[in-house]
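Each remark here refers to the structure printed beneath this line.
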Amino acid sequence: MQLRPSARLLASAGVLLLAATLSSCGFDYATDRVYTPTAGVNDRDAKVDVLNAVVVADHEGEGAFVASFANNDQREAVTVESLAGAGDTTLTAEGFTPIEIPPGQLVNLVTDGGSTVTGDFGPGSFVTVTIGLDNGETVEMSVPVVPPCNEFEGLAPSASSGSSSDAFECDVPAPATDEH
């Protein structure tokens, strides 16, 4: 005696198989996307990735540009030759020293204290910067200006030279209590 599956059983199995396939997560999984939980911004469009870029400032007009530069070229070193304001941003990096990034390596400016920049900015604003590389590429990005609090403590230029009368305070006032 030959057993033949009923049409109803075959249809149910097909629906279950199709439902399992169509209900999967699909493409572009969230865990496959680059995510860096930080105040800084990233740019990965050039041979050198600019990672976690911020300007740390404790008062108006002066700060330290800090970022990490990752050289994606495994054979040749790349040098960051310039740092300047772009667009409407008035930002200058006087005394900027070129930064060589060895092949396949990362250079973190935090270890050197960053590059001192001056301009029309203060904590809470954004500045547009252009980073020039020796291979002819430029990276333009809008960078947040953050106060020297928490992970940025001690990175503002005036933090090393003493306190300023108009310095930004990191302390958050306690919430007002309503006593009845």
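A short reminder: the numbers here are calculations on the coordinates, not readings from a lab. From a predicted model like this one, the values you see are computed outputs, not experimental measurements. Note: ideal-geometry Cβ built from the backbone for every residue, glycine included; neighbour counts use all protein chains shown.
In a shell of Cβ-Cβ distance under 11 Å around Leu51, excluding Leu51 itself, what net charge do Lys and Arg (+1) and Asp and Glu (-1) give?
So the surrounding residues net to -1.
All other residues with a Cβ under 13 Å from the Cβ of Ser115 taken together, and with Lys, Arg as +1 and Asp, Glu as -1, what is their net charge?
With Lys, Arg at +1 and Asp, Glu at -1, the net is -4.
Counting pairwise Cα distances across segment 66-149, what percent come out greater than 19 angstrom?
That tail contains 39 percent of the Cα-Cα pairs.
Along the Cα-to-Cβ line of Ser125, 7 Å from the Cα, sits a label point; which residues in segment 73-91 have backbone N less than 12 Å from it?
88-91
Excluding Asn72 itself, calculate the net charge of residues whose Cβ lies under 14 Å from the Cβ of Asn72, where each Lys or Arg counts +1 and each Asp or Glu counts -1.
With Lys, Arg at +1 and Asp, Glu at -1, the neighbours total -3.
For Thr177 and Lys47, calculate 0.36 nm times their separation in residues minus their Cα-Cα distance, and state this gained length in nm to one decimal.
Values: separation 130, 0.36 × 130 = 46.80 nm, distance 5.33 nm.
Value of the extension gain: 41.5 nm.
Taking a virtual spin label 7 Å from the Cα of Ser142 along the C-beta vector, which residues in segment 39-73 bring their backbone nitrogen under 14 Å of it?
Taking a point 7 Å out along Cα→Cβ of Ser142, the residues of segment 39-73 whose backbone N falls under 14 Å are 41-42.
Sorted by packing (mean other beta-carbon atoms within 10 Å per residue), highest first, where do 88-97, 70-79, 144-153 land?
Details: 88-97: 13.2, 70-79: 14.7, 144-153: 18.4.
Listed from highest to lowest mean packing, they are 144-153, 70-79, 88-97.
In nm, what is the difference between 0.36 nm times the number of residues separating Ala11 and Ser82 and their Cα-Cα distance?
18.9 nm
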